[in-house]
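The values are calculated or read from the model by the stated rules, or taken from the named source; none is laboratory data. These numbers come from a predicted model, not from an experiment. FYI the Cβ positions are ideal-geometry reconstructions off the backbone, even for glycines, and counts take in every protein chain you see.
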């Protein structure tokens, strides 16, 4: 599977323009033969634009998801619609399964190339330190996977990287590739380089960590979207400017690495 990480520019609160950028990135990646494209965390309004969350929250299948779904179909490519702020009450009213019947969630949706929704993941670990995220959002409860491009794909979001037990749950579910939409800021560059690599090494699988390219009033994102192979080797990466990172992720390589170095068999 050819995986593309769309490190797009994100402007605070500029929903329509940000979605346009996402669509353009998907189209460019598809033209470069990508099979799956991943977008960053809260790519439509910007993670640090907390005052825009409530007024731009959408249910599952809302305008942002529908635009991305249509783009996936038009370009014959699977798309992880990064994350958006989900209105849980509106989703529940539409008959969706939600962790709570009210509030907001940080929600990722994976569409396949036919536009079918294959996976919904709501961020489990909300950033602490009295952050606005922890005050405003409801954490997710489930850890789903989906079969895409020969991989069993799982999703975690940004701060989830600091909680390795979550990745063990994905491993036990058969994951061979984990996509990590993020809005990782300066100055924690070394953490951003270390944690997804460690998750790849520990679980002997691919990790695609996709960040945004953005400057907010109180933060700037480090960019550096990277694909790590099952040995933890960075096979494709970039700097902090907008761009698309592409790498071939062979599910057979996961099996081969696990056979060559069967550390997972020694778990107790």
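The conditions are (1) touching a residue at least 40 places away in the same chain (Cβ under 8 Å); (2) touching a strand residue (DSSP E or B) at 6+ places or on another chain (Cβ under 7 Å), and residue 119 fails exactly one of them. Which is it? The number of the failed condition is (1). Of 45, 19, all but one fail to be closer than 25 Å to residue 246 by Cα, modelled with pLDDT of 95 or more and touching a strand residue (DSSP E or B) at 6+ places or on another chain (Cβ under 8 Å); the exception is 45. Scanning for something in contact with a helix residue (DSSP H, G or I) (Cβ under 8 Å, 6 or more places away or on another chain) and closer than 20 Å to residue 152 by Cβ, does the stretch 241-252 turn up at least one residue? No, the stretch 241-252 contains no residue that is in contact with a helix residue (DSSP H, G or I) (Cβ under 8 Å, 6 or more places away or on another chain) and closer than 20 Å to residue 152 by Cβ. Residues that are at positive phi and crowded, with 19+ Cβ neighbours inside 10 Å within the stretch 70-127 comprise just one, 82. Determine, yes or no, whether residue 70 is over 17 Å from the mean Cα position of the chain (by Cα), at pLDDT 95 or above and within 30 Å of residue 32 (Cα to Cα). Yes; evaluated as a whole, the condition is true for this residue. Of everything in the stretch 78-114 that is in contact with a helix residue (DSSP H, G or I) (Cβ under 7 Å, 6 or more places away or on another chain) and over 18 Å from residue 126 (Cβ atoms), the residue that is modelled with the lowest pLDDT is 101. In the stretch 28-52, the qualifying residues are those that are touching a helix residue (DSSP H, G or I) at 6+ places or on another chain (Cβ under 6 Å) and not in a loop (DSSP other than H, G, I, E, B), and the one that is surrounded by the most Cβ atoms within 10 Å (Cβ to Cβ) is 37. For the stretch 2-27, a residue qualifies if it is closer than 30 Å to residue 253 by Cα, surrounded by fewer than 24 Cβ atoms within 10 Å (Cβ to Cβ) and in contact with a helix residue (DSSP H, G or I) (Cβ under 7 Å, 6 or more places away or on another chain), and exactly one does: 27. In the set (1) under 19 Å from residue 147 (Cα atoms); (2) touching a helix residue (DSSP H, G or I) at 6+ places or on another chain (Cβ under 7 Å), residue 196 fails one condition alone, (1).
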